[in-house]
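**Student:** My structure is below; once you've seen it, I'll send some questions.
The values are calculated or read from the model by the stated rules, or taken from the named source; none is laboratory data. As the structure is a prediction and not an experimental result, all values here were calculated from the model. Cβ sites come from the backbone with ideal geometry, for glycine too, and all protein chains shown count toward neighbours.
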Amino acid sequence: MAHGRFDNPIIATLAGVKDFFRKQDLSDRLLESDRADGQTVIITGANSGLGFGMAVEFAARGARVIMACRRNVPGVVDKVRELSGSDKVELRRIDLSRIESIHSFAAGLKNDNVHPDILVLNAGVALPESRPTESGLEEMFLVNYLSNVILVSRLVTTGVIRPPDKTRHVKRALRPRILFISSDSHQGSSHVDHEQFGTYEEYGITRGMNYYSYYKLVLNTWATELSRRLNPGPHPDIPVNVICPGPVHSEIIKEAPWLLRMILGSIFSVIFKAPRKAALPAVYMCLSRDFESTTNQYLHMFNRKKMDEKVYLPEEGRKLWDHSNEVWARHDPLAEEFMIT
């Protein structure tokens, strides 16, 4: 049976507290000169928490920022513009719990000739109990994992995300970058349970916490396989990297029971990092030349680290890739049109 690292939210939060005090070896590597002028950045789940912090920081560094969000929170775009000092910020609707919405979002980018230089897959949910979506898939499985498969696959196969034009004689060809926001809680999770994979099952808060970290291992495994397939040669065309931002003062616990929400919220507000500060390692990974020509790298905040060893097993990556496409195809009649081979 699939299991993650944590099944107790208090223990998971205390692990985050411990991370807060870790030395950050690369914190001085993000420079003021690491700019995003002329680049387009898409961030999923950007209307609050870490995603909001990244939107502000990328916009402040010159990027055109597209906030890809389920809800258009009143005033959120204006707030990013105010904090960043940039008016190159917009919001596009995408509901990652609805496959149709993912297709609509991707089609809109294609129709509007939007080609992101940076795609940050940040959106996620932590649910106190299982919840079915209109497709029949469980919401945390779809939002935290399969929606990323669908979105990235469609953007790559339709040329919305495309490698640099190697026929142009430019000194520095800009490579589009894909960054998955993950969690170091994936360490120690089980192998992917392919018998249970993608099937709907009822669960409560303990199992939900467990699944959160397990799905991060699943996501990291797929991201590693994606990196292999998009970058078969020694020089990556589309770098794919993964990061754990560490403890963030966010709304991830907003659906937890009231008492637990009060306890964890108190810890978050006192110890955990403000979203814009927590966003800095992700901004570093996307803009620094340190990662310009590398792929399948992992940062835990500002520290280089290895992911769980199971993530790197080629046979696990291939099996997960094929099984993910099978599940996708069962729930989406458009799936086969957009699958990456």
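**Student:** Which residue pairs have Cβ atoms under 6 Å apart, sit 6 or more places apart or on different chains, and have a first residue in the stretch 66-95 that is polar (S, T, N, Q) and a second that is assigned to a helix (DSSP H, G or I)?
**Tutor:** Ser84/Val56; Ser84/Ala59; Ser84/Ala60; Ser86/Ala59
**Student:** Same structure, new question: In the stretch 249-268, is there at least one residue being in contact with a helix residue (DSSP H, G or I) (Cβ under 9 Å, 6 or more places away or on another chain), modelled with pLDDT of 75 or more, surrounded by fewer than 18 Cβ atoms within 10 Å (Cβ to Cβ) and of a type outside the set (Asp, Glu)? Break it down stepwise before answering.
**Tutor:** Filtering the stretch 249-268 for residues in contact with a helix residue (DSSP H, G or I) (Cβ under 9 Å, 6 or more places away or on another chain) gives 249-257, 260, 263-264, 267-268.
Then drop every residue that is not modelled with pLDDT of 75 or more, which leaves none.
Checked against the condition, which is being in contact with a helix residue (DSSP H, G or I) (Cβ under 9 Å, 6 or more places away or on another chain), modelled with pLDDT of 75 or more, surrounded by fewer than 18 Cβ atoms within 10 Å (Cβ to Cβ) and of a type outside the set (Asp, Glu), the stretch 249-268 yields no hits at all.
For (1) among the β-branched types (Val, Ile, Thr); (2) in contact with a Leu (Cβ under 8 Å, 6 or more places away or on another chain); (3) buried (at least 18 other Cβ atoms within 10 Å of the Cβ); (4) at pLDDT 95 or above, each residue gets a yes or a no:
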position: Ser101; (1), (2), (3), (4): no, no, no, yes
position: Phe105; (1), (2), (3), (4): no, yes, yes, yes
position: Leu121; (1), (2), (3), (4): no, yes, yes, yes
position: Glu138; (1), (2), (3), (4): no, no, yes, yes
position: Phe141; (1), (2), (3), (4): no, no, yes, yes
position: Thr167; (1), (2), (3), (4): yes, no, no, no
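**Student:** Go through (1) buried (at least 22 other Cβ atoms within 10 Å of the Cβ); (2) in contact (Cβ under 8 Å) with a residue 60 or more places away in the chain one by one and return the number of the condition Ala55 breaks.
**Tutor:** For Ala55, the exception is condition (2).
**Student:** What number of residues within the stretch 290-325 satisfy the criterion of being charged (D, E, K, R) and either touching a residue at least 60 places away in the same chain (Cβ under 8 Å) or crowded, with 17+ Cβ neighbours inside 10 Å (or both)? Before the answer, list the steps.
**Tutor:** Step one: list which residues in the stretch 290-325 are charged (D, E, K, R), which gives 290, 292, 304-306, 308-310, 315-316, 318-319, 322.
Within this subset, residues satisfying the condition of being either touching a residue at least 60 places away in the same chain (Cβ under 8 Å) or crowded, with 17+ Cβ neighbours inside 10 Å (or both) are 290, 292, 304-305, 308, 310, 316, 318-319.
Qualifying residue count for the region: 9.
Every residue, every condition in (1) touching a helix residue (DSSP H, G or I) at 6+ places or on another chain (Cβ under 9 Å); (2) buried (at least 19 other Cβ atoms within 10 Å of the Cβ), yes or no:
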position	(1), (2)
Ser182	yes, yes
Ser189	yes, yes
His194	yes, no
Gly204	no, no
Tyr211	yes, yes
Asn220	yes, yes
Leu226	yes, yes
Asn231	no, yes
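**Student:** Where residues in the stretch 197-228 are more than 14 Å from the chain's Cα centre (by Cα) and aromatic (Phe, Trp, Tyr), which of them is nearest to Phe180 (Cα to Cα)?
**Tutor:** First, pick out the residues of the stretch 197-228 that are more than 14 Å from the chain's Cα centre (by Cα): 197-211, 214, 225, 227-228.
In the following step, the residues that additionally are aromatic (Phe, Trp, Tyr) were identified as 197, 200, 203, 211, 214.
Numbers: Phe197: 21, Tyr200: 24, Tyr203: 26, Tyr211: 18, Tyr214: 15 Å.
This residue is Tyr214.
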